[in-house]
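Notes follow the structure.
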Amino acid sequence: MDYRKFDDTYVVRLDRGESVHPCLLSLCEKEKILLGSISAIGAVDHAVIGVYDLASGSYIRREYNEFMEISNLTGNVTEKDGRPYLHLHVTACGQDLSVHAGHAIELRIGATCELFLRTLPGTVERRTDPETGLNLFGF
């Protein structure tokens, strides 16, 4: 991973073999980022994508071990228990042009990833909602 900062925005390049979540969390911890918006494109060779099942309070997961283009990776950085917390969604296209989308649980870069992280002043804490089990904005 390499990055540069321009005003309130980090421009980040993730390289082949790197995992998105650990790299971004490392960047956020190093730069003390607790609130931001994420947007990216690129390619993965491994992805775990999920959709939340409200009835069970867990994610239905699907694993993909194939080269796919990231047509959209979007999300945010907030704070949970005093540390950066990532919430990411992905849309990825396989070589047969089938599209897979949902909550990004794991993403390993298959070629590169070009990511923009726009920081915002302040913090938004996460709280676990007892009814849904989701980590919601705690205003």
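At-a-glance table
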| item | result |
| --- | --- |
| Matching strands (runs of 3 or more DSSP E) fully within segment 36-98 where at least 3 residues are surrounded by fewer than 17 Cβ atoms within 10 Å (Cβ to Cβ), in contact (Cβ under 8 Å) with a residue 40 or more places away in the chain and within 15 Å of the chain's Cα centre (by Cα) | 36-53 |
| Among the candidates Arg126, Arg108, residue that is under 18 Å from the mean Cα position of the chain (by Cα), within 17 Å of Asn65 (Cβ to Cβ) and either surrounded by 14 or more Cβ atoms within 10 Å (Cβ to Cβ) or acidic (Asp, Glu) (or both) | Arg108 |
| Sole residue being farther than 24 Å from Gly133 by Cβ, touching a strand residue (DSSP E or B) at 6+ places or on another chain (Cβ under 9 Å), at pLDDT 95 or above and of a type in the set (Asp, Glu), chosen from Glu79, Glu29, Glu106, Glu63 | Glu29 |
| Subset of segment 116-132 that is part of a strand (DSSP E or B) and of a type in the set (S, T, N, Q) - its residue that is modelled with the lowest pLDDT | Thr128 |
| Any hit, segment 120-127, residues being free of Cβ contacts under 8 Å to residues at least 40 places away in the same chain and either touching a helix residue (DSSP H, G or I) at 6+ places or on another chain (Cβ under 9 Å) or more than 13 Å from Leu24 (Cα to Cα) (or both) | yes |
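The values are calculated or read from the model by the stated rules, or taken from the named source; none is laboratory data. It should be emphasised that the depicted structure is a prediction, and the values quoted were computed from it without experimental measurement. Every residue, glycine as well, gets a Cβ built from its backbone with ideal geometry; the counts of neighbours run over all protein chains shown.
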